[in-house]
Amino acid sequence: MLGLVHRGFGLDDPGKHLVNYLHGNGYRTVLAGIQHETSDKPATLGYEENIQAPMDKSISDLGRRFMARDSVHTERVCELLRQAQERPFFISLGLFSTHRPFPEEPDADLEANYLRGPLPILDNDDCRRDWAAFCTMARHVDRCFGQVLTTLAEQGLADSTLVIVTTDHGPAFPWMKCNLNDAGCGVMLMLRMPGMPAGVVSDALVSHLDVFPTLCEWTGLPRPQHELRGRSLMPLLRGEEQELHDDLFAEINFHVALDVQRSVRSKRYRYVRRYDDYERVILPNIDDGLSKRFLRREADLDARARIPEEQLFDLYYDPLACHSVAAEASHAPVLADMRQRLQSWMVATQDPLLAGPLKAPTGSRLSRQDGLEP
């Protein structure tokens, strides 16, 4: 998946999708809300039911209109859970929250001046108000999933249902979403697994690639014939292992504009490699909002130089990845090792970059790199 489905991209083989696998093994498969894996009917991914509520256009605030739609999808899922379950089920509740646009005003009890956004979000009036609006959506996510968990308990399903809560990228703020740093790649992943103790936190390197094999082990289904590169999380959850991976890999290709990067992350280091020669920050790949507008107005974001072609960060000393040590002689062995890890991964996964510059598929729609907004 090299780009966004609503911009003309798609999976090479939807038949390998997790939902197709579960549906083929007798699961009732339901989508409620958003998905970003196909622009075709979700049935191509394996969903036999597709719940899509209309937007309530009487709500003028677009952010709150999406939140209201999330509430409808959540209630529809709860109605489904109240039905008699004749088959095992897989339900994807795709919430729009916390995407932009955020609500125009945060909840009345959220005082922006007493909220400090996580770094690298600035601590000023514009950015605090932006973060308060994000938090308004985030607490709505909490309400929606709380409603689902309550319904599972009421229906006697809590002790036989695995719940996974995750997202696809970091928050939509400058230097977070669409960046190969921990703020962009270090996404939420929470599991409520029957039989496992609550409140367990793991610092192990894990990936979304690990979810599919985890589901195979938890359900007792055999792994599919095609290769799964992830590992089951079960050894971590059972306390049998402390680590699963020596490294993790991430990439950007096309978001709304071309931005080709690759990254490898070990426990201590992150290596980032850029593969095109555009020299400035790619503004269309930063979602519009108060934080972006402040940087454009006050800090010449439009003219800011892009990241160097090659970066290496020692995250033990530089957890925000602010200072690259790629040019320091003392880190030459680490740099060589990380380069080799990335090259091996690209070869193993048949990265299309190995054949030359990436080409967008016919019919795709991309913004110019020198544009301003998505």
Exercise. When only DSSP loop residues count, what chymotrypsin sites (Phe, Trp or Tyr not before Pro) in the range 269-374 have their Cβ near at most 12 other Cβ atoms within 10 Å?
Worked result: Tyr316, Tyr317
Problem set entry | Ranked Trp218, Trp131, criterion: other C-beta atoms within 10 Å, fewest first | Trp218, Trp131
Problem set entry | Spin-label model distance (nm) - Glu49 vs Glu279, 7 Å beyond Cα toward Cβ | 5.7
Exercise. Quick one: Cα convex hull volume of the range 82-179, Å³ per residue?
Worked result: 134
Exercise. So what is log10(I(q)/I(0)) for the range 123-243 at q = 0.12 1/Å, when the Debye sum runs over its Cα atoms only?
Worked result: -0.60
Problem set entry | Calculated from backbone phi, Karplus (6.51, -1.76, 1.60) coupling profile of the range 187-197 in Hz, x at Gly/Pro | 7, 4, 8, 10, 10, 10, 10, x, x, 9, x
For this session: Could you pull out every residue, at least 5 positions away or on a different chain, whose amide H is within less than 5 Å of the one on Tyr269? Hs are placed 1.01 Å off N in the peptide plane, and Pro or chain starts have none.
Result: Leu315
Problem set entry | Residues in the range 213-251 that a label on Gln340 would reach, taking backbone N under 14 Å of a point 7 Å out along Cα→Cβ | none
Exercise. Considering the Cα trace of the range 247-355, what is its radius of gyration and what is Dmax, both in angstroms?
Worked result: 15.4, 45
Problem set entry | For Gly10, residues with placed amide H under 5 Å, excluding near neighbours | Leu2, Gly3
Seminar exercise, completed: Calc'd 3J(HN,Hα), the range 180-186, phi into Karplus 6.51 cos²θ - 1.76 cosθ + 1.60 (θ = phi - 60°), Hz, glycine/Pro = x, comes to 8, 10, 5, 5, x, 9, x
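Counting only helical runs of four or more DSSP H residues, what would the 222 nm mean residue ellipticity of the chain come to if each run contributes -39,500 (n - 2.57) and the total is spread over all its residues? If you can, show how the numbers build up before the last one.
Values: 8 runs with 100 residues, N = 374.
That comes out to -8500 deg cm²/dmol.
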Seminar exercise, completed: At R0 = 25 Å the Cβ-Cβ FRET efficiency linking His323 and Lys267, nearest 0.05, sits at 0.85
Problem set entry | the range 14-64: trypsin sites (Lys or Arg not before Pro) falling in loop per DSSP and having at most 11 other Cβ within 10 Å | Lys57
Problem set entry | Under 5 Å, built H, 5+ apart or other chain: amide partners of Glu37 | none
Problem set entry | Pairwise label distance in nanometres, Ala299 with Leu354, each label 7 Å out on the Cα-Cβ vector | 3.9
Exercise. Which option, [x] 24.0; [y] 22.6; [z] 21.2, is the value of Kirkwood radius over Cα pairs in Å that was calculated from these coordinates?
Worked result: [y]
Exercise. Relative to the present Cα-Cα distance, how much length would full extension add between Tyr114 and Ala153 at 0.36 nm per residue of separation?
Worked result: 10.5 nm
For this session: Go ahead and collect, in residue order, the members of the range 268-288 whose backbone nitrogen is under 16 Å from a label point 7 Å along the Cα-Cβ direction of His6.
Result: 285-288
Seminar exercise, completed: For the range 1-108 the GluC sites (Glu not before Pro) that pass both the DSSP coil test and the at-most-15 other-Cβ-within-10 Å test are Glu48, Glu86, Glu104
Problem set entry | Under the Karplus curve 6.51 cos²θ - 1.76 cosθ + 1.60, θ = phi - 60°, whole-Hz ³J(HN,Hα) for the range 155-171, x wherever Gly or Pro sits | 8, x, 9, 4, 8, 9, 10, 8, 10, 10, 10, 7, 8, 9, 6, x, x
Problem set entry | Neighbour-count ranking [beta-carbon atoms within 10 angstrom, fewest first] of His73, His169, His208 | His208, His169, His73
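Values quoted throughout were computed directly from the atomic coordinates according to the rules given, and no laboratory measurement underlies them. These numbers come from a predicted model, not from an experiment. Note: ideal-geometry Cβ built from the backbone for every residue, glycine included; neighbour counts use all protein chains shown.
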